[in-house]
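Coordinate-derived values only; no laboratory data. What you see is a predicted model; the values in this text were computed from it and never measured. Backbone-built Cβ (ideal geometry, glycine too); neighbour counts: all protein chains shown.
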Amino acid sequence: MRRSRIVSKSYRGICIAGKTGIAALLAFFVRLPAALADGIPHAWGLGLQAPGSAIEMRIDNFHNILLWVISVISIFVLGLLLYVVARYNKYVNPKPSRTAHNFKLEVIWTLVPCLILVAIGLISFPLLYYTDRVPPPDLTLKVTGHQWYWSYAYPDKGNLAFDSHAIWDSSDVTDAEAVKLINEAASGWLIKDKPLRLLEVDNRVVLPVGKIVRVEVTGEDVEHSWFVPSLAVNRMAVPGKISELWIKIDHPGIYYGQCSMICGNGHGYMPIVVEGVTPEKFADWVQSKKQNLGALPTKPFQFAAAP
């Protein structure tokens, strides 16, 4: 009689734990869409940022598939563990079984995970090839990381080049100083939006929507990383090496990023802001930027001579 009560309590505990787990999982998936927004992180956000490029869209789809796969596996393993605890505890089975091996079971639990990994590989390898293979570009953007700011150059546009510094480039920047810097920089922004603290810069990168942009990333002093999550961009900026990637922005908007490589005490003050605009606005911006900068020619990047 006592054993029956114990077993009944064990199964009741399993049911409660199962209901709680399912409720938490449903709450996660219900809140997930609310976290998606164009190009910026949100407090209490779940999941990835809303995709702004074809690459990020494919990565999002791959992420969603993996999320369902690992959720099903986790629920199955949790249920199996709870069943084993309730069914084979010492109260229900005073005499433990001495079974040591089960050939069929061992083949199954070895073969099934292998098949799951093979299925994931069949999806991931084409995605990896798609992200690394740069199509014929319409435009080239060169990115150089410094301690602690970014330099951008457009070799196809008469070597148009400029530096991009953070508005909040240290913890000492006061609100009044930030407002002054924002007012000075806002005239050069094509998309007028509320600046985000610690994520805003004086000179934003401007790229045309619907065009294939080849991005060449390098570093001048130490290693940095050019990371824009909503555009699926994350490349190391290594001194003496040029890494190549490509972007095709789907729709106009502002896309924020940051250096994701710990590059020194100014690491937290290297934000990235990309404006996606129509090709017509981009052409007008190029002419205006050249006039403001005086259209001064910029010496192209060269590797240091070997000693």
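Miscellaneous remarks
- For L127 and V173, the FRET efficiency from 1/(1 + (r/R0)^6), where r spans their Cβ atoms and R0 equals 51 Å, is about 0.80.
- Loop sites in region 108-167: trypsin sites (Lys or Arg not before Pro), DSSP, at most 15 other Cβ within 10 Å: R133
- Under 24 Å from the Cα of K142 - lysines, other chains or at least 8 residues apart: K157, K211, K241, K248, K281, K289, K290, K299
- Kirkwood Rh in Å, taken over region 121-280 so that all alpha-carbon pairs contribute: 16.3
- Burial ranking of peptide ranges 181-187, 45-51 (average Cβ count within 10 Å, highest at the top): 45-51, 181-187
- Selection from C114, V179, S53 lying farthest towards where the dipole of region 38-189 points positive, charges on Cβ: C114
- Cα gyration tensor category, rounded, prolate or oblate, for region 210-250 with a/c compared to 1.5: oblate
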